[in-house]
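What follows is a single structure, written as structure tokens, with notes after it.
The values are calculated or read from the model by the stated rules, or taken from the named source; none is laboratory data. Bear in mind that the values here come from a model prediction, so they are computed numbers and not experimental data. Here the Cβ is made from the backbone with ideal geometry for all residues, glycine too, and neighbour counts use every protein chain on show.
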Amino acid sequence: MADERTAPEQEESPELRELRRQVAAWLKENIPADPGFKLPQTFMEVENEQQMDFLRGWQRKVYEAGYLGMAWPEEYGGYGRPQSHQDVVTEEMARAQAPFMVNVIGLFWAGPTILKLGSEEQRKRYVKNILSAEEIWCQGFSEPENGSDLGNAQTRARREGDEYVVNGHKIWTTQAEYASHMILLARTNPDAPNKYAGLTFFLAPMDVPGVEVNRIRKMTGEYGFNEVLFRDARIPASVRVGEEGEGWGVAMAVLMFERGASEGQAGGNTMTVLTTRHVLDTARKAYRDGRPALEDPYVRDRMVQFMIEERAIPLNRRRAHVQKLLTPGRELAPMLMGKLMGSEYMRRLSDFAVNLQGGNGALYMGDPDAIDNGVWQRAQMNSYSATIGGGTSEIQHNIIGERLLGLPKG
Amino acid sequence: MADERTAPEQEESPELRELRRQVAAWLKENIPADPGFKLPQTFMEVENEQQMDFLRGWQRKVYEAGYLGMAWPEEYGGYGRPQSHQDVVTEEMARAQAPFMVNVIGLFWAGPTILKLGSEEQRKRYVKNILSAEEIWCQGFSEPENGSDLGNAQTRARREGDEYVVNGHKIWTTQAEYASHMILLARTNPDAPNKYAGLTFFLAPMDVPGVEVNRIRKMTGEYGFNEVLFRDARIPASVRVGEEGEGWGVAMAVLMFERGASEGQAGGNTMTVLTTRHVLDTARKAYRDGRPALEDPYVRDRMVQFMIEERAIPLNRRRAHVQKLLTPGRELAPMLMGKLMGSEYMRRLSDFAVNLQGGNGALYMGDPDAIDNGVWQRAQMNSYSATIGGGTSEIQHNIIGERLLGLPKG
Amino acid sequence: MSEASFNIRYSDEQAMLADTAVSFLRSKSTFEHVRRYIGDAAGYDPDLWKEMADLGWLGIALPEEHAGAGLGAAELVSVCEPMGQYLMASPFLATTLAGQALLRAGSEEQKQAWLPRIASGEAIATLALSEPDGSWEPEGFAAKAETRGEGYRLSGTKTLVLDGQNADLVLIAVTLDGVPALLAAETERLAGRLRSEILVDETRRSARLDLDGLELPASARLEDHATDALRYVYSLAWLLLAAEQAGGANGVFDLTLDYVKTRKQFGKVIGGYQAIKHPMVDIMMEIENTRSLLYYAATVFDGPGGESGIAARMAKAYATDAFRHAADRSIQFHGAMGFTYECHAQLFFRRAQWARHSFGDAAHHRRHLADLML
Amino acid sequence: MSEASFNIRYSDEQAMLADTAVSFLRSKSTFEHVRRYIGDAAGYDPDLWKEMADLGWLGIALPEEHAGAGLGAAELVSVCEPMGQYLMASPFLATTLAGQALLRAGSEEQKQAWLPRIASGEAIATLALSEPDGSWEPEGFAAKAETRGEGYRLSGTKTLVLDGQNADLVLIAVTLDGVPALLAAETERLAGRLRSEILVDETRRSARLDLDGLELPASARLEDHATDALRYVYSLAWLLLAAEQAGGANGVFDLTLDYVKTRKQFGKVIGGYQAIKHPMVDIMMEIENTRSLLYYAATVFDGPGGESGIAARMAKAYATDAFRHAADRSIQFHGAMGFTYECHAQLFFRRAQWARHSFGDAAHHRRHLADLML
């Protein structure tokens, strides 16, 4: 797959072009109609069974059509094709505004981890059901006292025979209420020489006694994430990934998958992407001070700022494939900066999209006269889940400054 | 004087109003005509004897008219009047765009320090000549390796009989080449229990053997500050302020005078203030893309942003006098934030004033077609002297965050 | 204006009102209390409203002859800033603005009928100003009134009518004979025409008002100067919203400051990290600037000349951005907790959003200021 | 444009040219070398110019029939980015733009007379475009030419004529019969009419040109399509300046990064403080974005459709702000040292200022982009 990553995009082969055409046609045919109820924009916003069923069904359909897990090995449920094929399909799905793949933790965190670091049995057991959304996964890294400081996780897993007994408190656990499994970071050895060395990584089942899942209400007023309490919950030792004490290394590998390495990804769009094109649609309906918003020079200037910045996002990804155009000494920049730049961009863009609405920007979703059903008001609040979750923007700055620029830790 | 500080401004007495009228009339009569050579905008930009003579003459004239040192004690050369009188005069000088008082280190740093912490002999010896600009002062705190970290000063002062022998290297010393005296922070005890305890404060004469002053060229291409090398320079022990080891405390007191406590100030404007009024004058002469700059909505929007922000500066000072309007728990905010806010404001404003000039903004001072003789191009570069000197903006943020907000040191 | 003429006056009355408001609201308008009324249709506590009336707040800027205190806009600011700080939700803003409109344009009869009842807290009043096109200036109302027999027949739609669902009296801004006019309608006449809106700020209430076919008697018309009265009321709204925003910015800043002083990550209190400390300082400075601009605007508000509108617009423009910034960073610096409904930061965030979109955002006011000043 | 159609192509020629340029300029265009020519009237090193010609740079985008390499704008970008990084000062930009104007609008005779001499480095050429009103678009020139006997008589003033004092040939943009035209003037004809300007970027040269009463023969006129040629040349200027700015941003960023990694204050390397680390990351990201926008603009530049101008404007707009930001923070993070003439940060700062004001700043291009895209 390595050669695929460096191949310049312009040489898109006839095969890829044909695939692009095919998938576009398939999507046109198969994207489900508006179900008549509010749909989430990202996987962090699924708030009821109705939404979950709808999205699960869609993911299964995409998988069964051969458009998900395309580059994953056939023996575990994938289709064994080149990553470039999956990338083309993913792009087309985003372009077509298809509903997103709901099993995000499975596809982007658990799946790659199991494929790369799991045992043969684990691969056989879990991967296919991740792709088909038969089993939903959640992620158990954060704890109430350790939002950014994952290495300090205090949830305890004590070995007893063939089992581990888990006690602790995980939080901000997206989709835990629908999940059958959790990738769990827990402390097996509180006396390890350093805090990192005491951690172990598990593929924990959620349907065992002693696991309590509570909903957390988001600032939007909606639900979508949870806290998970473990009280003497027993999980089999066979769900451990790697050895005891290797959990930190596994977790770091997981985070690297999440931060945008395309290699090995199951593919699929992870959110309904809101772009400046949609802001423009909104702006065309909006009035500021009695005039169409798009006549306001302030709106026009800022709109173009966002359009320029937005273009840089896919262009950075393109440039990442052209070895010679990577900035010397900072070759990993386009990859490492993706999460920070994208999430902060969306925070500012969604705020702008509300701002330009003039007086009507004070309305919220649910109001029949809110422009575009308040999609931007909701996106604006939800945007913080990305600037905070998965490592806050402040932590991202540290990571990039230290790893990429070689600046010392503060 | 304390009651003067809290007296609400609106109750400006007939006496103050009359003073305001008088000084305005005097200034109208006495502000010197354009000398025909380039004048500095701040005391950090004096680059030749011609400029220095002109400014010294002006300060003396103001002093002799009774408009400087108005609130300093009569026995040392002041006029023994209330601080409010000086404040009114200072305001009128700024309003009239009078040339600034050149002996800034004397008036704002050395003078208050000597009055408050100096010996009776020191007060008698130095204060009057500071007011009359007979003796120019400079400041010797910074060293090449310790720009922001003043407490780490390595310049050595070794006691020998009635003298101290000074060795070391001071830098960024404004007006050192014209100065007869330096307020000097030097290390008398390298073995003190902590670095601060080894420091002592001196009113060092510059005209002793072993003092070498070199010019440093600024980024504008002009001169105005210096480095000062001490090589076995002997200064009398009588110029010490306080005891050995008390230097850090004295220096901190000096910095508090500088950061804008109005109490005890000699008064006088310290720079030719550039404001949005002047930016507007520039904008009226400027074209952007073939149209008057003021027709550009982007220029208009930003201009107003600056006008609002600029208004907040004097209003913060006004509010500082209304005890009941100080934010509870942050009463010192208007005072402590003055330097940071003012210097960063000027950096952005001067950049904007260049920016709005369109193509002609590429011209520099000296070019006959540069708008307003390139005053903004120069001001833009000079603006960094304030965001860097006297504690960088980064350090200011730390100080305010820690002292005012009570946030822990990093 | 030269620098020397910038004055800030602050009277004993202002200080006393502010002190009272802070201690009253600190104990009454707690987060728990504010949240309790989120699900309430009226959105406010009638008992608290009564207490506010007893404190004299509802008559602050009404003349003594109408049972008011005979004070002015500056004294309203004294209570509005703490209301913002403690997220007070009530029809205070609506009623105050409507009261001023009545005072300035109403007939003697209308004033006597309503102002004492407003001052006593008995009647809630509001203005119907905004329209679907979101105009933020007191001119060019698309809603129309036409003479019809002895009275008027109205058409058009009003939006964002503050506390429309709570009001006893709605003053409707329309175009009549080509110029702005205000028509007073008791709410009984508006039955079936008011729909509660869903606002981003869940502590606020507003309604959409359908005017088509509404008939009002001749006596509904406020007798004169709707143009001047409306101009005054809009300026007053800028000022009072700036006050609320200043208070809100302060409130959310204090909330954040407490959090970053106690929350630890990587073994250190997070407020010690420059990535948090420095933005906190910036926000603090913006709040200081806001308060200076606000109290200057309050000082000159009831004075002569054009400075009043300029200063109020400046205060609203700057306060809007300052409050937004403070609320935005509060969510971020609270980390995952900040993203929950339970965290009080969202209350301020939503208030900041609502306030930005009410009576003109920063860019809007800057555009008008540019026309006034450049 | 949908995301999927954003492509970046980068040919072997581009890569080879860039590699050569980096190693050549790194050793030749050192800070010491750059500073040596600041006081020089011509402002550049003729020996280095000769070497650049020998490397083929002056004919990169000229056709082979005129002794060029027959490549395009994308290959010019490959050498301009390193020129920005190493602060190269030379009449390269002026000569390249003028060469393209000649190529696109000149007569066969004019092309044969000048292009081979340009490609060989023998002749320096430039365009006289700007005027005192600072227009940044290729239209509405106030400078005029009128037919006068067999030739033309000119009036008006040109400003910021790049390397006007160094040029052998100046192509003057005027309005002739109501439309833009280009007239070629050998510099002998301009004696006494060119005045060296003082630029904020001391490594650059430009001149003011007084046209009043200048007479040129009929043969001076470039034969056709001045409008198209000018449009092309302006777009090319945006692209090449964006390349220089990208390089400059990178150069000043590296300078700053080295400094903050070694400078200690309070016992710690200052790059470890978040107040420095985090802005450095932001600048780094802006540089990455700049380079992506730049190489996309280079990819589509010589292609069909309106995308070329849009992409070049975007690159120039974004690069302008990124370079300014990088240079601004470089001064600040160098502390007092950054404020000296001796510190190399000022060289980049001045370059960033010059580049911002040349061929349109960010707000200017955004305004035009809004008209094109919204």
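Cβ separations smaller than 6 Å between residues 6+ apart or across chains give the following pairs from the stretch A:142-165 residues that are more than 8 Å from every other protein chain (Cβ to nearest Cβ) to residues that are in a helix (DSSP H, G or I) and not aliphatic (A, V, I, L, M): A:G151/A:K195; A:G151/A:Y196.
Here A:S84 qualifies as of a type outside the set (D, E, K, R), assigned by TED's automatic domain parsing to the domain that holds A:I114 and touching an Asp or Glu at 6+ places or on another chain (Cβ under 8 Å).
Every test in (1) modelled with pLDDT of 95 or more; (2) more than 8 Å from chain B (Cβ to nearest Cβ) is passed by C:D302 save one, and that test is (1).
Do we find that A:E121 is part of a helix (DSSP H, G or I) and surrounded by fewer than 16 Cβ atoms within 10 Å (Cβ to Cβ) in this structure? Taking the combined requirement at face value, the residue satisfies it.
The stretch A:160-262 holds strands (runs of 3 or more DSSP E) entirely within its bounds, and those carrying 1 or more residues that are in contact with a Gly (Cβ under 6 Å, 6 or more places away or on another chain) and buried (at least 22 other Cβ atoms within 10 Å of the Cβ) map to A:163-174, A:181-187, A:199-205, A:225-236. Screening C:N7 against (1) outside any helix (DSSP H, G or I); (2) under 19 Å from the mean Cα position of the chain (by Cα) leaves a single unmet condition, (2). Only residues that are surrounded by fewer than 18 Cβ atoms within 10 Å (Cβ to Cβ) and within 14 Å of another protein chain (Cβ to nearest Cβ) were counted across the stretch D:8-52, and they come to 12. Here B:A370 meets the list (1) within 22 Å of D:H325 (Cβ to Cβ); (2) facing another protein chain (nearest Cβ under 10 Å); (3) small (G, A, S) almost entirely, failing just condition (1). For D:E146, the conditions (1) surrounded by fewer than 24 Cβ atoms within 10 Å (Cβ to Cβ); (2) closer than 30 Å to D:A297 by Cβ; (3) not basic (K, R) all hold with the exception of (2).
Looking only at the stretch A:394-410, how many residues end up being in a helix (DSSP H, G or I) and either more than 7 Å from chain C (Cβ to nearest Cβ) or at pLDDT below 90 (or both)?
Applying the first criterion (in a helix (DSSP H, G or I)) to the stretch A:394-410 yields A:394-404.
Imposing the further condition that a residue be either more than 7 Å from chain C (Cβ to nearest Cβ) or at pLDDT below 90 (or both) reduces the set to A:395-396, A:398-404.
Number satisfying all stated conditions: 9.
Every condition in (1) of a type outside the set (D, E); (2) touching a residue at least 60 places away in the same chain (Cβ under 8 Å); (3) at the interface with chain D (Cβ under 9 Å from one of its Cβ atoms) is met by B:S350 except one, and the failing one is (3).
No other residue among B:M381, B:M365 is crowded, with 23+ Cβ neighbours inside 10 Å and within 13 Å of chain D (Cβ to nearest Cβ) apart from B:M381. A single entry from A:G140, A:G66 fulfils the requirement of being over 18 Å from the mean Cα position of the chain (by Cα) and either of a type outside the set (D, E, K, R) or modelled with pLDDT under 90 (or both): A:G66. Within the stretch D:233-285, restricting attention to residues that are under 12 Å from the mean Cα position of the chain (by Cα) and among the aromatic types (F, W, Y), the residue that is surrounded by the most Cβ atoms within 10 Å (Cβ to Cβ) is D:W238. Among the residues making up the stretch D:255-264, those that are within 11 Å of another protein chain (Cβ to nearest Cβ) and in contact (Cβ under 8 Å) with a residue 12 or more places away in the chain are D:T256, D:L257, D:V260, D:R263. Looking only at the stretch A:295-310, which residues are at the interface with another protein chain (Cβ under 7 Å from one of its Cβ atoms), more than 18 Å from D:A312 (Cα to Cα) and modelled with pLDDT of 95 or more? Scanning the stretch A:295-310 gives a single hit, A:R300.
Residues checked against (1) touching a residue at least 24 places away in the same chain (Cβ under 8 Å); (2) in the same structural domain as D:A345 (by TED's automatic domain parsing); (3) crowded, with 24+ Cβ neighbours inside 10 Å:
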{"residue": "D:Q85", "(1), (2), (3)": "yes, no, yes"}
{"residue": "D:M88", "(1), (2), (3)": "yes, no, yes"}
{"residue": "D:A101", "(1), (2), (3)": "yes, no, yes"}
{"residue": "D:P116", "(1), (2), (3)": "yes, no, no"}
{"residue": "D:G151", "(1), (2), (3)": "yes, no, no"}
{"residue": "D:K158", "(1), (2), (3)": "yes, no, yes"}
{"residue": "D:D163", "(1), (2), (3)": "yes, no, yes"}
{"residue": "D:E188", "(1), (2), (3)": "no, no, no"}
{"residue": "D:L194", "(1), (2), (3)": "yes, no, no"}
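Among the residues of the stretch A:91-99, is there at least one that is assigned by TED's automatic domain parsing to the domain that holds A:N30, crowded, with 22+ Cβ neighbours inside 10 Å, of a type in the set (A, V, I, L, M) and part of a helix (DSSP H, G or I)? The answer is yes, given that some residue of the stretch A:91-99 is assigned by TED's automatic domain parsing to the domain that holds A:N30, crowded, with 22+ Cβ neighbours inside 10 Å, of a type in the set (A, V, I, L, M) and part of a helix (DSSP H, G or I). Filter the stretch C:132-179 for residues that are modelled with pLDDT of 95 or more and acidic (D, E); which is farthest from A:L363 (Cα to Cα)? Top of the filtered list is C:E146.
Results for (1) in a helix (DSSP H, G or I); (2) within 24 Å of the chain's Cα centre (by Cα), shown as yes or no for each residue.
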residue	(1), (2)
C:V161	no, yes
C:P180	no, yes
C:A185	no, yes
C:R189	yes, no
C:A207	no, yes
C:E223	no, no
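When D:A336 is tested against (1) in a helix (DSSP H, G or I); (2) within 9 Å of chain B (Cβ to nearest Cβ); (3) under 19 Å from the mean Cα position of the chain (by Cα), only condition (3) is not met. Selection of the stretch D:227-282 for residues being of a type in the set (S, T, Y) and under 23 Å from D:L347 (Cα atoms) yields D:T256, D:Y259, D:T262.
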